[in-house]
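Asks: One structure, as structure tokens, below. Some questions next.
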Amino acid sequence: MAETITADMVIHDVVTKYPATVKVFHGHGLPCTACAVGARESVAGGARTHRFPPEKLDLLVKDLNASVNGEPISVAPKKAPVGRGIPLTMAPEGEDRKIKKVIAIMSGKGGVGKSLVTGLLAVSLRRQGMRVGILDGDITGPSIARMFGTQGQPSKSATGGIDPLTSKGGIKVMSMNMFLEHESDPVVWRGPMISSAIKQFYSDVDWGQLDYLLVDLPPGTSDAPMTVLQSLPVDGIVIVSSPQMLATMIVMKCINMVRQLKGVIVGVVENMSYFETPNNERYEIFGPSNGTELVTMTGAPLLGQIPIDPNLALLCDAGRVEEYYADAYEALAANFVSTLKIKR
Ligand SMILES: Nc1ncnc2c1ncn2[C@@H]1O[C@H](COP(=O)(O)OP(=O)(O)OP(=O)(O)O)[C@@H](O)[C@H]1O
Ligand SMILES: [Mg+2]
């Protein structure tokens, strides 16, 4: 006799162990097993996501058990859409996982350089021969496509998904900007639409084999960071801060949110730490470094301190971030790569 399936079991686990249950989910009109994000949720969670009537949940669970035990079920079993079983990208761990590490870049506050750190990390990982993708999770204020100078619209992939754009240096990029007629068109969307766009950027995009998928988040603790932390298989979070930020409670809010959602902070980056003149004079424009406090607050290592560099801002604006080289930054990149390797 098989074990009893309950509403709090993860859909992916249920259908992996009992493939026949896929038809039961679909028979009940639930596409969860074909949906990369839904498959990671519990049976109850997937049902909620797809607005399944709560009063029918018991019946669904009963039918799942019935199908496992070879008994009749209350609905006509239905096949999953062709080619959309459990997407390979969602395989939990190990070699068969197409995207090996998903890293989200977060900060409590806007304008501290999350997107810039995301871009720079991607560039450096790529320089080390890694296969890298960036999912621009800032749906209403996307900046990644601009930074990499990727232009044009993503096309339909051979498997019916979306092909991301690829930067000159070979980094795969998916950003809301690519879907706008004009770069300056506003995206006037409410939370649920933003969440759904982020999920689609993950599950409907053909990322192919990636070593790292970096997710650039908008500031704060709103829908977008929540969606990413709850719905994407995030392996680690990098927190970006700047020296003057510690005076506020903003960084702490962000750290607390990560903790509440059971995320793992793998490192902290302090941006805009200082400015160095051509004569090597250092000015701590935003005050002394708070690196030590950040480490205490997060329990994660300080991966690096990035100086204010007008050349960097210039290259970002010109879509040429991949041409940037600086010693301070190379140290950050090396720390990042070694920290993540240790974590897993
Ligand atoms: N160390 C730096 N040196 C020079 N310019 C920088 C540095 N860090 C960030 N900038 C510039 O500051 C601006 C804001 O940075 P960025 O867009 O990365 O911040 P963000 O935290 O992603 O902002 P948002 O919260 O709006 O998403 C950009 O124009 C960027 O090029
Ligand atoms: Mg940003």
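The values are calculated or read from the model by the stated rules, or taken from the named source; none is laboratory data. Since this is a predicted model, take the numbers as computed values, not measurements. So basically every Cβ, Gly included, is an ideal-geometry build from the backbone, and we count neighbours across all protein chains shown.
Asks: Which one of GLY46, GLY85, GLY108 is modelled with pLDDT under 85 and within 16 Å of ligand 2 (Cβ to nearest atom)?
Replies: Step by step, each of GLY46, GLY85, GLY108 is checked, and only GLY108 is modelled with pLDDT under 85 and within 16 Å of ligand 2 (Cβ to nearest atom).
Asks: Tell me, please, whether a residue that is within 26 Å of the chain's Cα centre (by Cα), without any contact (Cβ under 8 Å) to a residue 60 or more places away in the chain and within 30 Å of GLY149 (Cα to Cα) can be found in the range 285-296.
Replies: No, there is no match, as no residue in the range 285-296 is within 26 Å of the chain's Cα centre (by Cα), without any contact (Cβ under 8 Å) to a residue 60 or more places away in the chain and within 30 Å of GLY149 (Cα to Cα).
Asks: Looking only at the range 247-261, how many residues end up being under 17 Å from the mean Cα position of the chain (by Cα), among the hydrophobic types (A, V, I, L, M, F, W, C) and surrounded by fewer than 18 Cβ atoms within 10 Å (Cβ to Cβ)?
Replies: Total meeting the criteria: 1.
Asks: Going by the structure shown, is THR21 among the β-branched types (Val, Ile, Thr), under 30 Å from ASP235 (Cβ atoms) and at pLDDT 80 or above?
Replies: Considered against the rule, which asks whether it is among the β-branched types (Val, Ile, Thr), under 30 Å from ASP235 (Cβ atoms) and at pLDDT 80 or above, THR21 comes out as yes.
Asks: Taking GLY137 as meeting all but one of (1) touching a Phe, Trp or Tyr at 6+ places or on another chain (Cβ under 9 Å); (2) away from ligand 1 (no atom under 16 Å from the Cβ), write down the number of the exception.
Replies: Among (1) touching a Phe, Trp or Tyr at 6+ places or on another chain (Cβ under 9 Å); (2) away from ligand 1 (no atom under 16 Å from the Cβ), GLY137 violates only (2).
Asks: Answer yes or no: is there a residue in the range 150-173 that is within 15 Å of ligand 2 (Cβ to nearest atom) and surrounded by 20 or more Cβ atoms within 10 Å (Cβ to Cβ).
Replies: Within the range 150-173 (the criterion being within 15 Å of ligand 2 (Cβ to nearest atom) and surrounded by 20 or more Cβ atoms within 10 Å (Cβ to Cβ)), the answer is yes, since at least one residue qualifies.
Asks: Something else about it: Take the residues in the range 305-331 that are assigned to a helix (DSSP H, G or I) and among the charged types (D, E, K, R); name whichever of them is nearest to ligand 1 (Cβ to nearest atom).
Replies: Looking at the filtered set, the residue picked out is ASP317.
Asks: For the range 114-127, give me each residue that is under 19 Å from ALA334 (Cβ atoms) and either within 13 Å of ligand 2 (Cβ to nearest atom) or not assigned by TED's automatic domain parsing to the domain that holds ILE308 (or both).
Replies: LEU116, VAL117, THR118, GLY119, LEU120
Asks: Do we find that TYR202 is part of a strand (DSSP E or B) and more than 16 Å from ligand 2 (Cβ to nearest atom) in this structure?
Replies: It is false that TYR202 is part of a strand (DSSP E or B) and more than 16 Å from ligand 2 (Cβ to nearest atom).
Asks: Which residues, counting only those in the range 210-246, are in a helix (DSSP H, G or I), within 16 Å of ligand 2 (Cβ to nearest atom) and surrounded by fewer than 20 Cβ atoms within 10 Å (Cβ to Cβ)?
Replies: ASP223
Asks: Additional query: Given the criteria out of contact with any helix residue (DSSP H, G or I) (no Cβ under 7 Å at 6 or more places or on another chain), touching a residue at least 60 places away in the same chain (Cβ under 8 Å), assigned by TED's automatic domain parsing to the domain that holds MET106 and not basic (Lys, Arg), does ASP309 qualify?
Replies: Criteria not met by ASP309.
Asks: Now a separate question. Can you name the residue in the range 262-304 that is in a strand (DSSP E or B) and aliphatic (A, V, I, L, M) and is also surrounded by the most Cβ atoms within 10 Å (Cβ to Cβ) among such residues?
Replies: Residue satisfying both the conditions and the ranking: VAL269.
Asks: Within the range 147-163, does at least one residue satisfy the condition of being within 16 Å of ligand 1 (Cβ to nearest atom) and modelled with pLDDT under 90?
Replies: No; the residues of the range 147-163 include none that is within 16 Å of ligand 1 (Cβ to nearest atom) and modelled with pLDDT under 90.
Asks: Shifting gears a bit: Please specify each residue of the range 128-149 satisfying the condition of being part of a loop (DSSP other than H, G, I, E, B) and either away from ligand 2 (no atom under 16 Å from the Cβ) or more than 22 Å from LYS114 (Cβ to Cβ) (or both).
Replies: The answer is GLN128, GLY129, MET130, ARG131, GLY149.
Asks: Moving on to the next point. Which pairs turn up if I take residues in the range 136-155 that are at positive phi and look for partners that are more than 9 Å from ligand 1 (Cβ to nearest atom) and in a loop (DSSP other than H, G, I, E, B) with beta carbon separation below 9 Å, at least 6 apart in sequence or on another chain?
Replies: These pairs meet every condition: GLY149/SER167; GLY149/LYS168; GLY149/ALA318; GLY149/GLY319; GLY149/ARG320.
Asks: Then there's this: With the structure loaded, tell me whether VAL321 is surrounded by 13 or more Cβ atoms within 10 Å (Cβ to Cβ), among the hydrophobic types (A, V, I, L, M, F, W, C) and within 16 Å of ligand 2 (Cβ to nearest atom) or whether it fails that test.
Replies: Criteria met by VAL321.
Asks: I want to confirm something. Restricting to the range 97-117 and keeping residues that are β-branched (Val, Ile, Thr) and more than 13 Å from SER241 (Cα to Cα), which single residue is farthest from ligand 1 (Cβ to nearest atom)?
Replies: Of everything passing the filter in the range 97-117, ILE99 is farthest from ligand 1 (Cβ to nearest atom).
Asks: Is it true that some residue in the range 293-300 is hydrophobic (A, V, I, L, M, F, W, C), over 30 Å from LYS168 (Cα atoms) and within 16 Å of ligand 1 (Cβ to nearest atom)?
Replies: Yes, there is a match, as at least one residue in the range 293-300 is hydrophobic (A, V, I, L, M, F, W, C), over 30 Å from LYS168 (Cα atoms) and within 16 Å of ligand 1 (Cβ to nearest atom).
Asks: Still on this model: Taking the condition without any contact (Cβ under 8 Å) to a residue 12 or more places away in the chain and under 16 Å from LEU135 (Cα atoms), does SER196 pass?
Replies: Spelling it out, SER196 is indeed without any contact (Cβ under 8 Å) to a residue 12 or more places away in the chain and under 16 Å from LEU135 (Cα atoms).
Asks: May I pose another question? Restricting to the range 185-196, name every residue that is modelled with pLDDT of 80 or more and of a type in the set (Gly, Ala, Ser).
Replies: Once the filter is applied, which keeps residues that are modelled with pLDDT of 80 or more and of a type in the set (Gly, Ala, Ser), the range 185-196 yields SER195, SER196.
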